[in-house]
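Input: a single structure, listed below in structure tokens.
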Amino acid sequence: QVQLVESGGGLVQPGGSLRLSCAVSGMFFSINDAGWYRQAPGRERELVAGITSGGMTNYADSVKGRFTISRDDGKHTVVLQMTTLKPEDTAVYYCNVQVVTYTDSGIAELGFWGQGTQVTVSS
């Protein structure tokens, strides 16, 4: 089984910064694509930032230039550095990873989600 533990959320004033971290543990061979998503009340979950195994990144237009996603494959972590935060960034943030692991059918790629961490941007 694979577990994801997110940390770093909290309350911050507009213009502030937060660093979200996602630690991946358990039985797997490697992490392929990874990403951070968010879900605000009454809204669908949306992709905020993604990163491939090769380090290529993509961002939602609303966070470009403010958020940076990175990964440390040696430590099995995925980090989202958020700066110049706005009230509209308020949401529960979720980490998602695609890992290569054993399944009942053999080796396959499976997706896993973290439990979510609350980010609130308010004065």
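The table below gives the values:
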| quantity | calculated |
| --- | --- |
| Residues of the stretch 63-85 that turn out to be at negative phi and loosely packed, with under 13 Cβ neighbours inside 10 Å, as a count | 4 |
| Evaluation of Ser123 against (1) within 16 Å of Gly10 (Cα to Cα); (2) outside any loop (DSSP other than H, G, I, E, B); (3) among the hydroxyl-bearing types (Ser, Thr, Tyr) (one fails), failing number | (2) |
| Within the stretch 1-105, strands (runs of 3 or more DSSP E) holding 1 or more residues that are aromatic (Phe, Trp, Tyr) and within 30 Å of Ser123 (Cα to Cα) | 30-39, 57-59, 67-72, 91-103 |
| Val48 at pLDDT 95 or above, crowded, with 20+ Cβ neighbours inside 10 Å and under 23 Å from Gly10 (Cβ atoms) | yes |
| All positions within the stretch 1-45 that are among the aliphatic types (A, V, I, L, M) and open to solvent by less than 50 Å² (accessible area, probe 1.4 Å) | Val2, Leu4, Val12, Leu18, Leu20, Ala23, Val24, Ile31, Ala34, Ala40 |
| Test for Asp89: is it among the acidic types (Asp, Glu), surrounded by fewer than 18 Cβ atoms within 10 Å (Cβ to Cβ) and either over 15 Å from Val5 (Cα atoms) or touching a residue at least 12 places away in the same chain (Cβ under 8 Å) (or both) | no |
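The values are calculated or read from the model by the stated rules, or taken from the named source; none is laboratory data. Remember, predicted model here, so these are calculated numbers, not experimental data. Reconstructed Cβ throughout: ideal geometry from the backbone, glycine too, with neighbour counts over all protein chains shown. Ligands, DNA and RNA are excluded from the accessible area calculation, which covers all protein heavy atoms including side chains. Shrake-Rupley method; radii C 1.70, N 1.55, O 1.52, S 1.80 Å.
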